[in-house]
Amino acid sequence: MEDDIDRVLVDEQVIHKRLDVMAKEIRQDFPGEVLVVVVLLKGAFVFAADLLRRVPRMLEIECVNVASYHGGTESSGVVSFLDHKLPEVKGRKVLLLDDILDTGRTLKAVVDRLLEEGATEVKTGVLLAKDKPHAEDVAADYVGFYIADEFVVGYGLDYQGRYRNLPYVGVLKTPVS
Ligand code: XMP
């Protein structure tokens, strides 16, 4: 598996140091309240697990399965809610976590849904944000790293279901399209 990686973009130690800082910001921004955390599957599961274990607050963690890539390396532009049931968020503050902000369509679609369902506030956190104009007018409140506009894998991110378990974020050797 490691042989397929051309270069490591963000190594494990760097990710973990950055998570310490992000977790501190989240702790400070939500001092006392019970927070609903919505984790977007599958890509954000590693990021969320490592980040949230650094947030010693009362959290209600829910996962929602969405897809926008459908197996390739280009966003399809259509965000599908693979689960139709969202957590109960009426009157609640929500922290929404995703692996990467690319076109912004995923975050925008889910933020809109959560607000429609009555969330009073939705903050967003991503491990990575591609440094490019996003198709949708969204910005994440907590960003681990800004990266160039290239396809990355590892630390939860996949290519055709593979590489999610790499402990770092890297770029595949063979240009994939
Ligand atoms: P949008 O375009 O909606 O994309 O902001 C967010 C979702 O697309 C996936 N994505 C990637 N997955 N490597 C991946 O493995 C990438 O470079 C990449 N860029 C976007 C990801 O699922 C994310 O939630």
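Tabulated results
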| read-out | value |
| --- | --- |
| Residue order for Val8, Val138 - accessible surface, 1.4 angstrom probe, largest first | Val8, Val138 |
| Principal axes of region 1-73: Cα extent on each, largest first, Å | 45, 28, 15 |
| Surrounding net charge for Arg57, when Lys and Arg each add one and Asp and Glu each subtract one, Cβ distance under 9 Å | 0 |
| Set of lysines near Lys173 by C-alpha distance (under 22 Å), chain-local residues within fewer than 8 positions excluded | Lys130 |
| 16 Å Cα-Cα reach of Lys90 towards lysines, excluding residues that sit fewer than 8 places from it in its own chain | Lys123 |
| 0 to 90° range, to nearest 10: angle between helix 105-116 axis and the chain longest Cα axis | 10 degrees |
| Normalised per residue, the volume of the convex hull around the Cα set of region 109-156 (Å³) | 97 Å³ |
| Cα-based radius of gyration of region 12-150 once divided by 2.2 N^0.38 Å, which approximates compact folds | 0.99 |
| Surrounding net charge for Pro31, when Lys and Arg each add one and Asp and Glu each subtract one, Cβ distance under 15 Å | +1 |
| Projected label distance in nm at Leu115 and Ala148, using a 7 Å step from Cα toward the beta-carbon | 3.4 nm |
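The values are calculated or read from the model by the stated rules, or taken from the named source; none is laboratory data. All figures in this text were calculated on a predicted structure; none of them were measured in a lab. As a convention, Cβ positions derive from the backbone with ideal geometry for all residues, glycine included, and neighbour counts pool all protein chains shown. With ligands, DNA and RNA removed, areas are computed over all heavy atoms of the protein, side chains included. Shrake-Rupley method; radii C 1.70, N 1.55, O 1.52, S 1.80 Å.
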